[in-house]
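Reviewing the structure listed below.
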């Protein structure tokens, strides 16, 4: 079962793989250091996205990106769809934009802390979370645009299919055309 799910995962579209890979990186980056340094003469401290002042933001980013991953992974492992197929990309776009905004909020808090305590630094975890959330949002937007394009193409291709073309002349009853009148005789009088 797991092997077939992994095989199906390999056959996903490239955009789908990039989107889910970026969401996975966002989940991993929450556990990486977001800030570290020395606070008020203490020993060296390092905080991930789940610690320090930004813990609620980190938990929210973690849950949103896990949900984006589950939208794809649950059907691959034989479960039912969490969301209807037509709404899947819209929900992923909403979640990814929300997680991007939350990472930016956490970054602004950490920048404020690093300005107040000169020995505190912002680390790579939050930068990786921000980049991966932006990638998820971008590819979700691209998938929505691709879906709209496909819908429009379907509309126009259905109208041009030979079995769908209806000819008004074929469906109208034949109109009776009167026979032309016989030519009149005119005599010339001299």
Subject >> Residue pairs meeting the criteria (Cβ under 7 Å; at least 6 apart or on separate chains; first under 30 Å from residue 93 (Cβ atoms), in segment 141-165; second modelled with pLDDT under 70) >> reply: 158/164
Original post:
Hey, among 3, 25, 14, which residue is crowded, with 16+ Cβ neighbours inside 10 Å and either more than 17 Å from residue 134 (Cβ to Cβ) or touching a helix residue (DSSP H, G or I) at 6+ places or on another chain (Cβ under 7 Å) (or both)?
Top reply: 25
Subject >> Count - residues of segment 107-123 that are in a helix (DSSP H, G or I), within 20 Å of residue 59 (Cα to Cα) and touching a strand residue (DSSP E or B) at 6+ places or on another chain (Cβ under 7 Å) >> reply: 3
Subject >> Unique residue being at pLDDT below 90, farther than 15 Å from residue 30 by Cβ and part of a helix (DSSP H, G or I) when the list is 81, 87 >> reply: 87
**OP:** All but one of (1) out of contact with any helix residue (DSSP H, G or I) (no Cβ under 9 Å at 6 or more places or on another chain); (2) over 11 Å from residue 23 (Cα atoms); (3) touching a residue at least 12 places away in the same chain (Cβ under 8 Å) hold for residue 55, so report the exception by its number.
**Re:** (3)
Original post:
Which of the following residues is farther than 22 Å from residue 135 by Cα and either buried (at least 20 other Cβ atoms within 10 Å of the Cβ) or modelled with pLDDT of 85 or more (or both): 33, 75?
Top reply: 75
Original post:
Taking only pairs six or more apart or across chains, which ones have beta-carbon atoms under 8 Å, a first residue in segment 75-88 that is in contact (Cβ under 8 Å) with a residue 60 or more places away in the chain and at negative phi, and a second residue that is loosely packed, with under 12 Cβ neighbours inside 10 Å and assigned to a helix (DSSP H, G or I)?
Top reply: 77/2
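The values are calculated or read from the model by the stated rules, or taken from the named source; none is laboratory data. Quick caveat, the model's predicted, so the values are computed rather than measured. Glycine also receives a Cβ, built like all others from the backbone with ideal geometry; neighbour counts cover every protein chain displayed.
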